[in-house]
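The values are calculated or read from the model by the stated rules, or taken from the named source; none is laboratory data. Everything numeric here is computed off the predicted structure, so don't read it as measured data. Note that we place each Cβ from the backbone using ideal geometry, even for glycine, and neighbour counts take in every protein chain shown.
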Amino acid sequence: MVERNGNGDKSLESWIWDAACSIRGAQEAAKYKDFILPLIFTKRLCDVFDDELNRIAEKVGSRAKAFKLVGMDHNLVRFYLPLQPQNPDDPVWSLIRKLSDKIGEKLTDYLREIAKANPLLNGIINRIDFNATTHGQRDLDDDRLSNLIEKISQKRLGLKDVEPDVIGRSYEYLIRKFAEGSGQSAGEFYTPKEVGLIMAKIMQPEPGMAIYDPCCGSAGLLIKCQLVLQESQGSTEKFAPLQLYGQEYTGNTWAMANMNMIIHDMEGKIEIGDTFRHPKFMQAGKLAQFERVVANPMWNQDWFFESDYDGDELGRFPKGAGFPGKQSADWGWVQHISASLDKTAKAAIVLDTGAASRGSGNVKNNKEKDVRRWFVEQDLIEGVIYLPQNLFYNTSAPGILLFLNKAKPKERQGKLFLINASLVFAKGDPKNYIPDEGIERIASTFVSWREEDKFSCIVSKDDIARNDYNISPSRYIHVAETDEFRPIAEILEELEVLEKETEATNEVLRKVLERFK
């Protein structure tokens with residue numbers, strides 16, 4: 001069923017998805033996100049620019065005069081667009097809509113002109129070549145591009161047509177739809193909305209706080225923090241916005257994050273680069289620190305070596321923690337995030353389920369468990385939430401939320417709060433989701449440290465030590481009728497570790513036996 005608004009028109013979300021599908025249908029749309037997102041972003045810029053021109057024209061008498069004024073003083077508008085139709089009363093977007101030949105080439109030129117006039121948009125709006133070819137064939141031919149432009153032209157996205165939160169939600173909806181069709185790559189740029197909201201609600205951001213995401217993807221987690229703050233403050237209240245900071249490794253995703261922030265009408269600083277090896281946010285030669293950190297680093301990265309940890313000069317990997325092993329950088333990211341927190345700060349981190357338990361119960365030393373033990377002994381972990389399975393777009397594994405707190409209240413020191421939310425979900429297509437009441441239940445239970453049978457409990461550091469530093473909520477909170485139940489994903493994680501250890505032992509044994517041949 002197509003959702004419609006009070007005027008009988010398609011909802012903004014339905015329209016925006018229809019526009020995306022106009023290229024080659026829903027099955028192919030995700031492949032073209034790097035073309036579609038900048039074009040919808042440009043439509044918003046054009047329509048808002050028109051609104052600002054009209055406001056000035058009311059004072060000076062005509063749009064022609066308004067064009068001249070903003071041409072002389074770009075500060076009269078937020079983004080100055082060096083595009084003027086032959087008839088100044090025509091919409092600025094009409095220049096793009098009326099393109100009839102060399103569409104990809106001319107559109108690319110227009111976007112480069114906009115970027116040149118607005119340094120803030122450089123590398124963002126002009127990153128994509130709409131005339132690009134692969135092996136001599138256009139990636140997006142002019143016929144399909146013309147069709148896409150016409151679909152996007154069907155709705156106005158100006159200040160009087162759609163509020164920033166509405167266009168922002170619709171833009172996020174489009175990003176989510178792309179994630180559904182992007183397979184393994186989706187987790188690099190999108191965290192499910194409900195997971196981000198749970199994290200933001202538990203972080204309880206306050207006006208003016210500095211919030212950081214070291215691997216920000218499309219900036220969704222940062223944006224959720226601002227939205228939760230707005231909700232808590234009320235729409236009529238004036239308050240200082242959050243100071244949002246993010247770093248993203250992939251160029252096109254970095255551009256997506258910037259567009260997402262701007263279209264939500266939020267300001268922040270998104271840097272590009274490898275956070276793990278080259279963090280961009282520094283203060284006086286040291287790692288910058290923030291009041292809140294939210295993050296969903298790529299799970300189980302095996303890109304980093306012991307030398308990356310040993311060679312660090314920023315104090316991120318302390319003695320007793322450090323290198324968690326080559327097979328997974330999950331706890332390496334946790335260490336970077338912990339070092340990015342000020343003395344009273346908190347963090348919320350999405351991790352692979354195995355990060356909570358790998359190595360526990362193993363008689364041999366395990367580097368990942370050693371790092372986890374260090375965090376428990378330092379009393380930096382506030383709690384863990386075990387999520388439902390099949391939420392994330394790049395895996396069916398459930399994942400966990402790990403919460404750090406540099407300033408636990410006295411009554412909570414030496415303790416961890418655990419929630420097993422594995423059953424708090426609704427079936428969806430193609431992925432499960434956490435309904436609104438589930439989001440509220442999980443967040444409010446964690447904030448209040450409220451114990452609930454088969455859902456939440458408080459455990460001491462001694463309890464954790466007795467369980468060999470396994471901090472998975474599923475180890476302590478059994479949601480099934482039998483106490484023998486354990487999640488299959490967790491069992492598989494442990495089997496994988498055991499298999500690797502067996503392989504390593506066999507290799508050592510083989511080398512020993514070779515000496516006696």
* Asked: Where in region 3-61 are there helices (runs of 4 or more DSSP H), lying wholly inside it, with at least 3 residues that are of a type outside the set (S, T, N, Q) and at pLDDT 95 or above?
  -> 33-60
* Asked: Among the residues of region 80-94, is any in a helix (DSSP H, G or I) and either at pLDDT below 95 or not hydroxyl-bearing (Ser, Thr, Tyr) (or both)?
  -> no
* To do: Return the total of residues in region 346-378 being crowded, with 22+ Cβ neighbours inside 10 Å and part of a helix (DSSP H, G or I).
  => 8
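Residue-wise test of (1) in contact with a Gly (Cβ under 7 Å, 6 or more places away or on another chain); (2) touching a residue at least 60 places away in the same chain (Cβ under 8 Å); (3) closer than 14 Å to LYS346 by Cα.
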| site | (1), (2), (3) |
| --- | --- |
| ASN365 | no, no, no |
| ASP370 | no, no, no |
| GLU382 | no, no, yes |
| LEU387 | yes, yes, no |
| ASN394 | yes, yes, no |
| ALA397 | no, yes, no |
| LEU401 | no, yes, yes |
| ALA407 | no, yes, yes |
| ALA421 | no, no, no |
* To do: State yes or no: is VAL293 without any contact (Cβ under 8 Å) to a residue 40 or more places away in the chain, buried (at least 16 other Cβ atoms within 10 Å of the Cβ) and of a type in the set (A, V, I, L, M)?
  => no
* Could you grab me the full set of residues in region 315-345 that are part of a loop (DSSP other than H, G, I, E, B), touching a residue at least 60 places away in the same chain (Cβ under 8 Å) and surrounded by 21 or more Cβ atoms within 10 Å (Cβ to Cβ)? => SER340
* Structure fact -> ALA115: passes all of (1) assigned to a helix (DSSP H, G or I); (2) buried (at least 20 other Cβ atoms within 10 Å of the Cβ); (3) aliphatic (A, V, I, L, M) but (2)
* Kindly check whether there is at least one residue in region 143-157 that is within 20 Å of the chain's Cα centre (by Cα) and among the hydrophobic types (A, V, I, L, M, F, W, C). => no
* Would you tally the residues in region 402-419 being within 23 Å of the chain's Cα centre (by Cα) and buried (at least 23 other Cβ atoms within 10 Å of the Cβ)? => 2
* Between a first residue in region 124-139 that is part of a loop (DSSP other than H, G, I, E, B) and a second residue that is among the polar types (S, T, N, Q) and crowded, with 19+ Cβ neighbours inside 10 Å, which pairs have beta carbons less than 6 Å apart while being 6 or more apart in sequence or on different chains? -> ILE124/ASN258
* Structure fact -> Counted residues in region 476-497 being buried (at least 16 other Cβ atoms within 10 Å of the Cβ) and either at pLDDT 95 or above or assigned to a loop (DSSP other than H, G, I, E, B) (or both) come to 4
